[in-house]
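Here is the structure we will look at.
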């Protein structure tokens, strides 16, 4: 009888611990995703700053360039060589680099759109392929 009580108590503790662990694991994955988005944003800004076509007064042509985030943290124009896929799912929208990034799902990919006219980078997390 005592053994059954001990087993029941252990089962209850496990039932409480597993959801808590899963939630903590998702939070860690979301934090990793946020760090990777910030890293990609920094990579885009580095490429943009070395681009000769940039007109800091905003007199450039109204043209967008799309960059995609790779697994290694680099960004490539138009197509990713080894596209980074989101690992977690946040509970709400996330603020990154002064922008609100819409809540994403696991497996989504990241794109950065730079506009030559406004000199702004827009971050978007969309459906994975």
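Each value in this text was obtained by applying a stated rule to the coordinates, not by laboratory testing. Since this is a predicted model, take the numbers as computed values, not measurements. Please note: Cβ atoms are built from the backbone with ideal geometry, for glycine as well, and neighbour counts cover all protein chains shown.
Between 0 and 90 degrees, rounded to the nearest ten: what's the tilt of helix 2-49 against the longest Cα principal axis of the chain?
So the helix axis and the longest Cα principal axis differ by about 10 degrees.
Under the definition of Cα pairs under 8 Å and six or more residues apart, what whole-number percent is the relative contact order of the chain?
24
Calculated FRET efficiency, residue 95 and residue 61, Cβ-Cβ r, R0 41 Å, to nearest 0.05? Show your work: numbers first, answer last.
Details: r = 30 Å, r/R0 = 0.74.
Step by step, r from the Cβ atoms, then E = 0.85.
Largest first, please: the extent of the C-alpha atoms of the chain along each principal axis, to the nearest Å.
82, 27, 21
Pull out the extension gain between residue 72 and residue 29, defined as 0.36 nm times the separation in residues minus the alpha carbon to alpha carbon distance; nm, one decimal. All intermediate terms of the calculation are to be shown ahead of the outcome.
Numbers: separation 43, 0.36 × 43 = 15.48 nm, distance 1.61 nm.
Residue separation times 0.36 nm, minus the Cα-Cα distance, leaves 13.9 nm.
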